[in-house]
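J.: Okay, here's the structure, questions in a sec.
What follows draws every value from the coordinates through simple rules; no lab data is involved. Only a predicted model underlies this, so the values are computations on that prediction, with no experimental measurement involved. Because the Cβ atoms are built from the backbone with ideal geometry, glycine has one as well, and the counts that use them run over all protein chains shown.
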Amino acid sequence: MNIIVLNSGSNGNAVYVESPESGSAVLLDCGISRRQIELRLKVHGRHPQSLRAVFITHEHADHVRGLPVLTKLYHIPTWLTEPTFRRMHRNRPWRGHRFMGNSDTVTVDDITVQAYPKSHDASDPVYFVVSIGERRFLYVTDLGEHDDSVAAVLSDVDAALIESNYDEGMLETGPYPEYLKARIRAAHGHLSNLQAVDLIRRHANGRLRTLILGHLSENNNTPEIVRREMDMLLEERGDFRPRVVIASRYTVGDVLSV
Ligand SMILES: [Zn+2]
Ligand SMILES: [Zn+2]
């Protein structure tokens with residue numbers, strides 16, 4: 001499979017996953033504008049017309065901002081849970097949806113997407129595993145804390161995009177008010193760098209060849225800190241050598257062949 005991270009962060013999330021065999025693709029989250037999705041796909045010679053479906057993790061704006069315009073223009077079906085839809089629908093009428101349960105599997109052409117429930121402050125948040133042939137890709141951001149489910153999945157994938165949202169020290173000494181700091185740290189908030197490292201240290205294995213760290217906070221993290229933490233982890237864990245990619249909040253990533 002080919003993975004292109006179009007954007008990753010609290011300013012917008014969208015990940016393009018493509019089957020090289022069929023040419024079909026799906027989009028995981030749609031938190032940047034239709035225009036930006038077109039432009040960023042064009043960088044790699046891709047077009048939204050290849051998209052067979054959009055899958056939504058939860059209703060926060062950084063995951064759905066571009067959804068109504070993109071899916072209406074290109075007639076792309078959107079898969080999401082019913083509570084997520086209800087929450088979105090309250091603000092903005094929108095059609096073209098199909099419901100999936102928070103543990104359901106949906107197959108579109110040769111692409112299979114499995115949902116799993118997760119801990120986050122949204123109505124019915126999920127994370128996804130995308131399978132194409134033998135290859136499996138875990139996409140998990142906006143995670144308050146990791147649990148046995150994420151751990152088990154991580155030990156059985158070829159690629160993963162995992163949230164590494166904040167550095168504990170930067171959040172502690174940073175400008176955010178106390179209530180916001182508490183919300184980020186909470187079990188329904190976001191995963192810190194140390195929590196991400198802990199998850200990977202304990203549960204990733206040699207099968208994981210592509211490791212993407214994403215949804216980095218603009219104010220409470222830097223790509224350099226995340227890179228340093230991962231370098232330290234890899235030194236410790238000689239048994240697995242994934243390529244490590246820090247997903248950008250500003251620009252489209254490379255085509256990652258998995
Ligand atoms: Zn988010
Ligand atoms: Zn969120």
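J.: For segment 174-258, restrict the atom set to alpha-carbon positions and state the Rg and Dmax in Å.
T.: Reported Rg and Dmax, both Å: 14.3, 42.
J.: Restricting to DSSP loop positions (anything but H, G, I, E, B) with no more than 14 other Cβ atoms inside 10 Å of their own Cβ, which GluC sites (Glu not before Pro) remain in segment 166-205?
T.: Taking segment 166-205 and a limit of 14 other Cβ atoms within 10 Å, no loop GluC sites (Glu not before Pro) are found.
J.: Now for a different question. Based on alpha-carbon atoms only, what is the radius of gyration of the chain relative to the globular estimate 2.2 N^0.38 Å? Kindly include the intermediate steps, with their values, before the conclusion.
T.: On the way: Rg = 17.1 Å, N = 258, 2.2 N^0.38 = 18.1 Å.
It is 0.94.
J.: Could you put H97, H89 in order, starting from the residue whose Cβ has the fewest other Cβ atoms within 10 Å?
T.: Neighbour counts put them in this order, fewest first: H89, H97.
J.: If you don't mind, there's one more thing I want to ask. By per-residue mean of other Cβ atoms within 10 Å, what is the highest-first order of 62-73, 244-255, 6-17?
T.: Working: 62-73: 20.7, 244-255: 17.3, 6-17: 24.6.
Ranking, from highest mean packing down: 6-17, 62-73, 244-255.
J.: Determine the relative contact order of segment 80-222: mean sequence separation of Cα pairs under 8 Å and six or more apart, normalised by residue count, in whole percent.
T.: 22
J.: Can you sort T173, T210 so the residue with the fewest Cβ neighbours within 10 Å comes first? Don't jump to the answer; show the numbers that get you there.
T.: Working: T173 9, T210 19.
The fewest-first ordering by Cβ neighbours comes to T173, T210.
J.: Which order do the peptides 223-230, 193-200 come out in when sorted by mean C-beta neighbours inside 10 angstrom, highest first?
T.: 193-200, 223-230
J.: At 10 °C and 1.306 mPa s, grab the translational diffusion coefficient of segment 91-210 from Stokes-Einstein with a Kirkwood Rh over Cα pairs, rounded to a whole number in µm² per second.
T.: 101
J.: Please turn the phi angles of segment 147-157 into ³J(HN,Hα) values with the Karplus equation 6.51 cos²θ - 1.76 cosθ + 1.60 (θ = phi - 60°), one per residue in order, whole Hz, x for glycine and proline.
T.: Running phi through 6.51 cos²θ - 1.76 cosθ + 1.60 with θ = phi - 60° gives 10, 4, 5, 4, 4, 5, 5, 4, 7, 9, 9 Hz.
J.: Give a quick list of GluC sites (Glu not before Pro) in segment 1-89 that DSSP marks as loop, anything other than H, G, I, E or B, with at most 14 other Cβ atoms within 10 Å.
T.: Details: sites: E18, E21, E38, E59; in loops: E21, E59.
Sparse-neighbourhood loop GluC sites (Glu not before Pro): E21.
J.: Let me ask something else about it. Tell me the relative contact order for segment 2-257 as a rounded percent, counting alpha carbon contacts under 8 Å between residues six or more apart.
T.: Computed over segment 2-257, the figure is 19 percent.
J.: What are the trypsin sites (Lys or Arg not before Pro) within segment 150-208 that DSSP puts in a loop, where the Cβ has at most 16 other Cβ atoms within 10 Å?
T.: In loop regions of segment 150-208 (DSSP not H, G, I, E or B), the sparsely surrounded trypsin sites (Lys or Arg not before Pro) are R207.
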